[in-house]
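The values are calculated or read from the model by the stated rules, or taken from the named source; none is laboratory data. The model shown is predicted, which means the values in this text are computed figures rather than measured ones. All Cβ positions, glycine included, derive from the backbone under ideal geometry; neighbour counts span all protein chains shown.
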Amino acid sequence: MNAKLSKPRSRFSTRRKALLGLVVIALGVVGWLQYVGAAGISGIPTKDMDWNADGEVTQTEIMQAFYAVGVTKTSEGQRECSEYYWRQDKRGIRVDCRTTMAAEPEKK
């Protein structure tokens, strides 16, 4: 028998390591966007990302939702508000409020 000392095989191939790295980076970016309160991941529809109020949503405004515009969500009873602001100087852009109707608890 010829016993050769061979290099043990890696558990993950290079391609799998690269994919795992990309997934970790993507999760890190999403976590950071959530931490800073970016408007782009707050659930706002693309059609409402008209930050300069000219009636037209451009690619630039969509990108600004991720790096330049923040959102603070507040809740007061059944009223839920989202305040959008420029992250650089905290200058307000607009406030969107809605009233939600919660289901009443069942009475026994």
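Taken residue by residue, the range 8-26 has no member that is under 30 Å from Thr100 (Cβ atoms) and under 12 Å from the mean Cα position of the chain (by Cα). Could you tell me whether the range 12-35 includes any residue that is among the hydrophobic types (A, V, I, L, M, F, W, C) and assigned to a loop (DSSP other than H, G, I, E, B)? For the range 12-35, residues among the hydrophobic types (A, V, I, L, M, F, W, C) and assigned to a loop (DSSP other than H, G, I, E, B): present. Looking across the range 36-70 at every residue that is of a type in the set (Asp, Glu) and outside any helix (DSSP H, G or I), the one that is surrounded by the most Cβ atoms within 10 Å (Cβ to Cβ) is identified as Asp50.
Among the residues of the range 71-100, just one is surrounded by 13 or more Cβ atoms within 10 Å (Cβ to Cβ) and among the small types (Gly, Ala, Ser), namely Ser82. In the range 89-104, the residues that are within 13 Å of Val71 (Cα to Cα) and among the β-branched types (Val, Ile, Thr) form Cβ pairs under 8 Å with partners that are modelled with pLDDT of 90 or more and assigned to a strand (DSSP E or B), at six or more places apart or across chains, as follows: Ile93/Val69; Ile93/Tyr84; Ile93/Tyr85; Ile93/Trp86; Val95/Cys81; Val95/Ser82; Val95/Glu83; Val95/Tyr84.
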